[in-house]
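Down below is the structure, laid out as structure tokens.
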Amino acid sequence: GKVAIEVPAAATNFKESVASQKLADGVWLLAGGSHNSLAVEMKDHAVVIEGPLYDARSQAVIDETKKLIPGKPIRYVLNTHVHFDHSGGLATFAAEGATIVTNAANKAFYERGLSAKREVNPDALARSKKKAKVQGVGEKFSMTDGNRTIEMHQLKGNDHHESIMMVYLPKEKLLVQADVFAPLPAGAK
């Protein structure tokens, strides 16, 4: 016979939470859960660093960015590397109209993956019917609005991923790294 499975309400009503913390004028850490993002205010738009995990997480990051930086579209999402926990929400940003900025080695992979059909559980990009915009960058990339500069730097020879990028905000002296190093647990030698 058939077995009825009851799904707890907590499992179906889960809502991603984002705890924002101001790091500098126009720069916020968007924390919560296991992966973080940053929102950066530019003169006429916003930039988000990292679109992690999945649709719901990135949508929560987008919603918080819009709350913190009202009236300015998210034009770019900067991606450190292709591992799913740092790229799984990029489709959500593409649906928002943001250009994905990533190492050039990742460009074709993202274009192929983000243009593939996703019909079983369509994400925001599949539902939007938009085409993702992906910008591949080299070892060093810089964008500025004349007041704030954001740089991306490739870390060659990194064991975690060969095309991993770090993001630097020179005026604020903020360095954003994801999975570049893993500190040992307390007491480990």
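Could you work out which residue, out of ASN36, ASN103, ASN147, moves most in a Gaussian network model of the chain, that is, has the largest mean-square fluctuation with Cα springs under 10 Å? Evaluated over the chain, the most mobile residue of the options is ASN147. For the options VAL48, VAL120, VAL18, a Gaussian network treatment of the chain with springs between C-alpha atoms closer than 10 Å singles out VAL120 as fluctuating the most.
Estimated from the Cβ-Cβ distance and a Förster radius of 22 angstrom, the FRET efficiency linking LYS15 and ASP179 is about 0.25. Distance between the pseudo-spin-label points of ALA105 and THR144 (7 Å out from Cα toward the beta carbon): 2.8 nm.
Estimated from helices alone, the mean residue ellipticity of the chain at 222 nm is -5500 deg cm²/dmol (sum of -39500 (n - 2.57) over DSSP H runs with n ≥ 4, per residue).
What whole-number value in Å² describes the accessible area per residue of the chain for a 1.4 Å probe?
Numbers: 10590 Å² over 189 residues.
Per-residue accessible area for the chain comes out at 56 Å².
Among the protein heavy atoms, those of LEU155 account for about 50 Å² of accessible surface (1.4 Å probe, every chain in place). Counting only lysines at least 8 places from LYS66 when in the same chain, those with an alpha carbon closer than 29 Å to its own are LYS15, LYS22, LYS43, LYS107, LYS117, LYS129, LYS130, LYS131, LYS133, LYS140, LYS171, LYS173. Counting only Cα atoms, region 47-87 measures 31, 18, 11 Å along its principal axes, largest extent leading. Label sites at HIS160 and ASP44, each approximated as a point 7 angstrom past Cα along Cα to Cβ, lie 3.5 nm apart.
Each 5 Å bin, from zero up to the one with the longest distance, holds this percent of the alpha carbon pairs of the chain: 1, 7, 16, 19, 19, 16, 9, 5, 3, 2, 1, 0, 0, 0. Cross-link partners of LYS67 among aspartates and glutamates, defined as those whose alpha carbon lies under 20 angstrom from its own and excluding same-chain residues fewer than eight positions apart: GLU16, ASP25, GLU41, ASP44, GLU50, ASP55, GLU96. Ordered from highest to lowest accessible area with the whole protein assembly present and a 1.4 Å probe, LEU30, LEU23, LEU175 read as LEU175, LEU23, LEU30. I want the local charge near ASP44. Using Cβ-Cβ distances under 15 Å, sum +1 for each Lys or Arg and -1 for each Asp or Glu among the other residues. After counting each charged neighbour, the total is +3.
The apolar share of the surface of the chain, taken as the fraction of accessible area on carbon and sulfur atoms (1.4 Å probe, ligands and nucleic acids excluded), comes to 54 percent.
The values are calculated or read from the model by the stated rules, or taken from the named source; none is laboratory data. Here the structure is a predicted model, which means the values were calculated and not measured. Please note: Cβ atoms are built from the backbone with ideal geometry, for glycine as well, and neighbour counts cover all protein chains shown. Quick note on the areas: whole protein, heavy atoms, side chains included, nothing else; ligands and nucleic acids left out. Shrake-Rupley method; radii C 1.70, N 1.55, O 1.52, S 1.80 Å.
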